[in-house]
Structures are given as C-alpha cells and as structure tokens.
Amino acid sequence: MGVMDLFWLLFMLSAVEPLIRRRMLEATRLRMLARIERERGSRVILLVHRQETMGFLGFPVVRYIDINDAQEVLRAIQMTDADVPLDLVLHTPGGLVLASLQIARAVRKRRGKVRVIVPHYAMSGGTLIALAADEIIMSENAVLGPVDPQLGEWPAASLVRVLREKPLSEIDDETLIRADVAEKALRQVQEAVQELLADRMPPERVHELARTLTQGTWTHDHPITFETARSLGLPVRIDIPEAFMHLMTLYPQPTRQQSSVEYWPYRRNSPGSRDSK
C-alpha cells in the first residue's frame, strides 16, 4: 500500500468514525429508554435541547422549543395509550409560546398520570409545559423559570411599564405599538397559565400564581429552585430516579472538541472516593 492509499484510507476512516459513534450513541439511548419504560411502566418522551454546530463551519446554533418539537411530542403522546403514565423529560431554555402551549395543553388533557422530569433546567416554555403535569420531579439543583412573554429582546412587562410611567407625548409610535402587543401577550399567557392550573388549586391561588409567573416579577432568566417552586404551591418533588440523570449523559454537548469540565469519575462510597472509609 502506497503513501497516498494510506492517506485516503485514514481520510475515509476519519470521515466515517463520527457517524459510527453517533449511531452507537443513539442505540445506547434507545436501549436505556426501553429499560426505563419497562421498570417504570410508563412512556418516556424526551425534549432535550443542546447547543449544536452548523455543518463543517462549526458555528454554534442555539436550540429551543419550536413547532417541529411540538409536532413530534404531540405525535408521541397521541401514539401512547390514554391510560399509560407519561414521563416527559425536559432539558430546555424555552422557546415559542405557541409550540410550548400546544404541548402543555396535550399534557393537561391526558387521562393517564403525567410526570415532568427536570434533570437540570426547564426554563420559560419548558416551565409552561411543566405547569400542566400532575407532578414535577426535579433534581436537587434543577431550576424552572418565569413564563413572562418576551418580544424580541424586550420583556413584555417592561414595555407595558413604559406606558404607565411616561406621558404618551414622550413615547414614539414604535414603542407604543410594541407596548400594545406586549399588553396582549401578557394577558394571553396569564390566561393560558390559569387554564393549565385550573382545578389544581383554589381559584384565587391560581390567579395569584399566574400573575407571579407571567407579569415580570423576576427577570426572564431568574432560576426558580425546588424550594421556591414548592413555596409557590407547585407539585414538585426532588426524588428524581438516577436513571434519568444517567440518560442525560447520553446527550453530550457537540460544540466543543475538548470539554470545559473535567473530573475523576468516582461515585459516593466507592473505593478511592472522598466519602469512603
């Protein structure tokens, strides 16, 4: 074999190797999903968003809940028998209100029990979906987020506040239009949250919680911890099964060749760990 033949062989192997690795990872995920479903007697659906890369150029692409996600989740729910419990795993920064609300309403209508599993975070639209579930199971350090609507780069609540605090003569036409749309968005999302929480708690509590989550109480990226969620009256637990935490390791971040976090992979009370005697 000549040098050029060896070069082309190595080139072909390097081109095929990522595809083989991806197929093996997908097969491992499917096997683990099947095992979790057998053990829990439920249907497991994952909505996982990682930052991805665009082709060979390597530009980062931020994923979020979109119409395609809603279509796929709705199809999975529709294909599941109505009485079968549903475990919906969420790992997402949020996304389109329309898509999130479609999923949330489908979850709300389920006859079988629905548990939303949050290993790390389910912000914005992810929280909107979680509100429709019978239970929200979080890891100890996982977070939810406010569901106040955003219009481009501006929080809807802040745009409405401009109308309240400045004379109309000092506000330009574009801001007035944005504020009008923002006011409608705030009302619509608050009504949607009240719809999802109806019959889960007293009406006055539903109204108060909907206002807290939608009307700009916090910044949009404010982390709602388990303790805060419980104090708000949400049906949260932190006894997340270890299998779901392990499942998340099978969804690696693809944007970097070298991980920015490294550690010795020991377990509690294993030989050589800090907790062993």
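The values are calculated or read from the model by the stated rules, or taken from the named source; none is laboratory data. Keep in mind it's a predicted model, so treat the numbers as computed, not measured. Note that we place each Cβ from the backbone using ideal geometry, even for glycine, and neighbour counts take in every protein chain shown. Calculation scope for accessible area: heavy atoms of the full protein, side chains included, ligands and nucleic acids excluded. Shrake-Rupley method; radii C 1.70, N 1.55, O 1.52, S 1.80 Å.
Going by the conditions given, is L209 touching a strand residue (DSSP E or B) at 6+ places or on another chain (Cβ under 7 Å), open to solvent by less than 80 Å² (accessible area, probe 1.4 Å) and farther than 14 Å from N141 by Cα? No, not satisfied.
Selection of the stretch 127-144 for residues being surrounded by 24 or more Cβ atoms within 10 Å (Cβ to Cβ) and touching a His at 6+ places or on another chain (Cβ under 8 Å) yields only A142.
Can you find a residue in the stretch 239-251 that is more than 19 Å from V147 (Cβ to Cβ), among the charged types (D, E, K, R), surrounded by fewer than 12 Cβ atoms within 10 Å (Cβ to Cβ) and touching a residue at least 12 places away in the same chain (Cβ under 8 Å)? Full working, then the answer.
Filtering the stretch 239-251 for residues more than 19 Å from V147 (Cβ to Cβ) gives 239-251.
Among the residues that remain, those that are also among the charged types (D, E, K, R) are: 239, 242.
From what's left, surrounded by fewer than 12 Cβ atoms within 10 Å (Cβ to Cβ): 239, 242.
Now narrow it down to the ones that are touching a residue at least 12 places away in the same chain (Cβ under 8 Å): 239.
Checked against the condition, which is being more than 19 Å from V147 (Cβ to Cβ), among the charged types (D, E, K, R), surrounded by fewer than 12 Cβ atoms within 10 Å (Cβ to Cβ) and touching a residue at least 12 places away in the same chain (Cβ under 8 Å), the stretch 239-251 yields at least one hit.
For the stretch 46-75, filtering for residues that are open to solvent by less than 90 Å² (accessible area, probe 1.4 Å) and either under 12 Å from the mean Cα position of the chain (by Cα) or modelled with pLDDT under 90 (or both) leaves 16. Beta carbons closer than 8 Å, at least 6 apart along the sequence or on distinct chains, pair a first residue in the stretch 78-92 that is touching a residue at least 24 places away in the same chain (Cβ under 8 Å) and acidic (D, E) with a second that is assigned to a loop (DSSP other than H, G, I, E, B) and open to solvent by less than 50 Å² (accessible area, probe 1.4 Å) for D81/G112; D83/G112; D87/S42.
When restricted to residues that are under 23 Å from the mean Cα position of the chain (by Cα) and either of a type in the set (G, A, S) or open to solvent by 70 Å² or more (accessible area, probe 1.4 Å) (or both), the stretch 165-186 contains 1.
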